[in-house]
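Engineer: The structure that follows is given in the form of structure tokens.
The values are calculated or read from the model by the stated rules, or taken from the named source; none is laboratory data. Source: prediction; values computed, not measured. Note that we place each Cβ from the backbone using ideal geometry, even for glycine, and neighbour counts take in every protein chain shown.
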């Protein structure tokens, strides 16, 4: 019975701490997370393609080193896996910012912090939805956020089209949406 409690409370702890991680990354790495946010907003397909390549390389690297008999190589595999998760966390912080911006249009205007936490909670709840969240949404979003994070760390921001106004929160007075409001 104690094992059930350990698993249950571990999952609850992760669910509570995840929005805190997202907010902390947005506060500690604002420019990097903003670049990931812009990538996810403007070029999600390119982020997915780069993320698939990076995830494949990291996955093969970790699998190869984890199967090695040496303890040092297994340690390098663990460090590499944590680095991959860190990349994904930066991208997920950008995705939570994007979701938070989009939920601000659904209701009354709230603070950016409330929208950011709301975006993080919506993301984690979508990942928990069985089986679509587990086997479709979570893997696709992780791969895409890894790509966005790599783009952000390399400082590769997509070019802005001539007729397209910038949708970055610090540059635009009123964020633009790609969807139509029904009245």
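Engineer: Only one of (1) at pLDDT 95 or above; (2) surrounded by fewer than 20 Cβ atoms within 10 Å (Cβ to Cβ); (3) closer than 16 Å to residue 26 by Cβ fails for residue 111. Which number is that?
Structural biologist: Checking residue 111 against (1) at pLDDT 95 or above; (2) surrounded by fewer than 20 Cβ atoms within 10 Å (Cβ to Cβ); (3) closer than 16 Å to residue 26 by Cβ, the one that fails is (1).
Engineer: Somewhere in the range 123-134, is a residue more than 13 Å from residue 147 (Cα to Cα), under 17 Å from the mean Cα position of the chain (by Cα), touching a residue at least 12 places away in the same chain (Cβ under 8 Å) and buried (at least 21 other Cβ atoms within 10 Å of the Cβ)?
Structural biologist: Scanning the range 123-134, I find at least one residue that is more than 13 Å from residue 147 (Cα to Cα), under 17 Å from the mean Cα position of the chain (by Cα), touching a residue at least 12 places away in the same chain (Cβ under 8 Å) and buried (at least 21 other Cβ atoms within 10 Å of the Cβ), so the answer is yes.
Engineer: Then there's this: What's the number of the only condition in (1) within 26 Å of residue 24 (Cβ to Cβ); (2) in contact with a helix residue (DSSP H, G or I) (Cβ under 8 Å, 6 or more places away or on another chain); (3) touching a residue at least 40 places away in the same chain (Cβ under 8 Å) that residue 49 fails to meet?
Structural biologist: Only one criterion in (1) within 26 Å of residue 24 (Cβ to Cβ); (2) in contact with a helix residue (DSSP H, G or I) (Cβ under 8 Å, 6 or more places away or on another chain); (3) touching a residue at least 40 places away in the same chain (Cβ under 8 Å) is unmet by residue 49, namely (1).
Engineer: Please count how many residues of the range 3-31 are within 12 Å of the chain's Cα centre (by Cα) and more than 14 Å from residue 116 (Cα to Cα).
Structural biologist: Adding up the residues that qualify gives 0.
Engineer: Hey, residue 100 hits all of (1) surrounded by fewer than 20 Cβ atoms within 10 Å (Cβ to Cβ); (2) without any contact (Cβ under 8 Å) to a residue 24 or more places away in the chain; (3) assigned to a helix (DSSP H, G or I) but one; which does it fall short on?
Structural biologist: With respect to (1) surrounded by fewer than 20 Cβ atoms within 10 Å (Cβ to Cβ); (2) without any contact (Cβ under 8 Å) to a residue 24 or more places away in the chain; (3) assigned to a helix (DSSP H, G or I), residue 100 is out only on (1).
Engineer: Would it be correct to say that residue 51 is modelled with pLDDT of 95 or more and either under 19 Å from residue 152 (Cβ atoms) or loosely packed, with under 14 Cβ neighbours inside 10 Å (or both)? Walk me through how you get there before you give the answer.
Structural biologist: Details: modelled with pLDDT of 95 or more: yes; either under 19 Å from residue 152 (Cβ atoms) or loosely packed, with under 14 Cβ neighbours inside 10 Å (or both): yes.
Criteria met by residue 51.
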